[in-house]
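Since the structure comes first, as structure tokens, the remarks are kept for the end.
The values are calculated or read from the model by the stated rules, or taken from the named source; none is laboratory data. Quantities reported herein were computed from a predicted structural model and do not represent experimental measurements. Cβ: placed from backbone, ideal geometry, glycine included. Neighbour counts: every protein chain shown. Side chains are part of the model used for accessible areas, which takes the heavy atoms of the whole protein and leaves out ligands, DNA and RNA. Shrake-Rupley method; radii C 1.70, N 1.55, O 1.52, S 1.80 Å.
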Amino acid sequence: MSDNQSWNSSGSEEDIEPREEPGHLVGVADLSGVLSKWTNYIHGWQDRWVVLKNNTLSYYKSQDETEYGCRGSLCLSKAVITPHEFDECRLDISVNDSVWYLRAQDPEHRHQWIDSIELHRADSGYGSESSLRRHGSMLSLTSATSGYSATSTSSFKKGHRLREKLAEMETFRDILCRQVDTLQKYFDGCADAVSKDELQRDKIVEDDEDDFPNTRTDGEFVHNNNGSKEKLFQSSSPKEINGIDFKGEAITFKATTAGILATLSHCIDLMVKREDSWQKRLDKEMEKRRRIEEGYKSALNELKKKSHFGGPDYEEGPNSLINEDEFFDAVEAALDRQDKIEEQSQTEKTRIQRSSPPPPGDVYSTTGTHRFSDKVEEMVHNHMTYSLQDVGGDANWQLVVEEGEMKVYRREVEENGIVLDPLKATHSVKGVTGHEVCHYFWDTAYRNDWETTIENFNVLETLSDNAVIVYQTHKRVWPASQRDVLYLSAMRKILANNENDPDTWLVCNFSVDHDDAQPSSRCVRAKINIAMICQTLVSPPEGDKEISRDNILCKITYVANVNPGGWAPASVLRAVAKREYPKFLKRFTSYVQEKTASKPILF
């Protein structure tokens, strides 16, 4: 037999396919490249190096790390590839409970990946005729006999009478077996006796024919040559065959079989009587099983939904699968978690002492010379003109929060379905000056001490001593998308026109563009126009005493115009703003009071 041939079990000869290594695919090209993979709701989409080889899809953090092993892999034999309905660059690959959300650079690359994956799956051989020859198939004895149910006597233990009848059956069986053995011996003895008689008769006849009449018959005796005589046919009596009483044994055998038949009839009657109760129990168990299976399927579907709850289909977007109430509950729960984390870390922050003395006040009297000077002057003028106006005469402003000296107003504005509500808050804080409040609000060295929503920030450019360009990303509050902000922050001192009026300190933050922070798909770019406007009121001390912090009061006006972008529901944005802005203002002013309590007053 040649190396390329073998015999199958039926004795026929057939060609064998060339030997292949397990999992090796012939004629299908491997594919590798960069795809964006959904990691989690904190980091969102991240670029990963993806490799398609040997019917397996693997991914690495980058191409340089391929030699250190993959971070995850999927066998594509039973994978389900689903192109996204709305996103032309996205494809989802699921195997049981594991789902990979991937995004290609463009629709063409997505089609290329899908086609390659399908080719690998088709060439893997699962379910094909070649697969059956290659992998082999044999029915197991267990599966072949699984359709039969064996019922033992233990199934009827509760039926006392039935158990007794079964015991009787065992006794009858033993008796019947002994009787069968006895009768068989009798029949064997009879057969042997008949055989001997026939042999003897044949022998005598042969002697008469061959030797002529050397003997003569006398009745039933034969006279031999030696003068003796013997009986021609010896009869066999029943007593000589083991002394068996055939008639008695036959009667006993008949009685035993009659007992067996009677017992069987009794057993059948008992089982028929119990059939109804067993059928009712079976129906009850079948109904219970049906309910359990339905519950299992329902729970499995819910589990699958929850396992993917947090995937890209449930985050903020025009086609999000999460409804408005679920969106609000998820945001509120995430904010509560952030508050708890912030409370735990606040103690560590207070231990960190920083010394960053503010520059002299005259530094903030002018805008400085840089490419945004005119824009800064325009923003400062607008805030001084409009932000300080009293809201009492404007019916569009609604008071939404009032806590002590702090009042928060809102004017509802929407543009193309996006909430652009301007917010305005007024507050009075004792023991601090407007200069100090604006200094801690503007100086990025203290930003992480009081700002809890920022994930990281970076000063991209310092325009002057009182103006910088800052890029910062905010902590994500799932299911909302992560936001980033690119803005210019300027601090100014506005001298009063009247000697009796206080000077005004102002910090304005407004969005700008910068080459070092272009918008990306990872974050939604928010647009802001914010101002912190502070005035210091001094009450004269008694007698010749020096002015202390008990004699000063800072009046704060905080205005915020924010375009959050994205697709977050309007009700959620308004609820979050109503909750977070008062907390932010109280947290920040308490921080300033704590930082300045033991320091000289900075006017």
Inset, instruction - Name the one entry in L335, L321 that is modelled with pLDDT under 70 and among the hydrophobic types (A, V, I, L, M, F, W, C). - result: L321
Inset, instruction - Give the residues of region 535-548 that are surrounded by 12 or more Cβ atoms within 10 Å (Cβ to Cβ) and modelled with pLDDT under 90, sorted by residue number. - result: P541, I547
Inset, instruction - Please determine, by comparing only the residues of region 549-603 that are more than 22 Å from K340 (Cα to Cα) and without any contact (Cβ under 8 Å) to a residue 40 or more places away in the chain, which one is surrounded by the most Cβ atoms within 10 Å (Cβ to Cβ). - result: N551
Legend entry - Which numbered condition L139 fails, given (1) closer than 20 Å to V28 by Cα; (2) open to solvent by 60 Å² or more (accessible area, probe 1.4 Å); (3) at pLDDT below 90: (1)
Inset, instruction - Only residues that are part of a loop (DSSP other than H, G, I, E, B) and either open to solvent by 10 Å² or more (accessible area, probe 1.4 Å) or small (G, A, S) (or both): list them for region 423-456, please. - result: G431, D443, E451, T452, T453
Legend entry - Sole residue being among the hydrophobic types (A, V, I, L, M, F, W, C) and closer than 16 Å to S116 by Cβ, chosen from V50, V95: V50
Inset, instruction - From Y581, Y558, grab the single residue that is part of a helix (DSSP H, G or I) and among the hydroxyl-bearing types (S, T, Y). - result: Y581
Inset, instruction - Report yes if some residue within region 57-80 is surrounded by 14 or more Cβ atoms within 10 Å (Cβ to Cβ) and touching a residue at least 60 places away in the same chain (Cβ under 8 Å); otherwise report no. - result: yes
Inset, instruction - Tell me, please, whether a residue that is at pLDDT 80 or above and among the β-branched types (V, I, T) can be found in region 372-384. - result: yes
Inset, instruction - Kindly provide the set of residues from region 395-418 that are in a strand (DSSP E or B) and open to solvent by 90 Å² or more (accessible area, probe 1.4 Å), ordered by number. - result: E402, E414, E415
Legend entry - Members of region 457-494 that are under 41 Å from the mean Cα position of the chain (by Cα) and not in a strand (DSSP E or B): K475, R476, V477, W478, P479, A480, S481, Q482
Legend entry - Sole residue being among the acidic types (D, E), assigned to a helix (DSSP H, G or I) and at pLDDT 75 or above, chosen from E275, E326: E275
Inset, instruction - Consider only pairs whose beta carbons are under 9 Å apart and that are at least six residues apart or on different chains; among these, list those whose first residue lies in region 414-431 and is at positive phi and whose second residue is part of a strand (DSSP E or B) and open to solvent by 20 Å² or more (accessible area, probe 1.4 Å). - result: G431/L553
Inset, instruction - Answer with yes or no whether K297 is in a helix (DSSP H, G or I), modelled with pLDDT under 70 and closer than 30 Å to Y101 by Cα. - result: no
Legend entry - Failed item in (1) open to solvent by 40 Å² or more (accessible area, probe 1.4 Å); (2) closer than 30 Å to S598 by Cα, with M532 passing the rest: (1)
Inset, instruction - Count, please, the residues in region 174-214 that happen to be basic (K, R) and either at pLDDT 75 or above or surrounded by 14 or more Cβ atoms within 10 Å (Cβ to Cβ) (or both). - result: 3
Inset, instruction - Look at region 457-476 and say how many of its residues are open to solvent by 20 Å² or more (accessible area, probe 1.4 Å) and touching a Leu at 6+ places or on another chain (Cβ under 6 Å). - result: 1
Inset, instruction - Scan region 508-526 and give yes if some residue there is touching a helix residue (DSSP H, G or I) at 6+ places or on another chain (Cβ under 6 Å), more than 23 Å from A597 (Cβ to Cβ) and either surrounded by 15 or more Cβ atoms within 10 Å (Cβ to Cβ) or modelled with pLDDT under 95 (or both), otherwise no. - result: yes
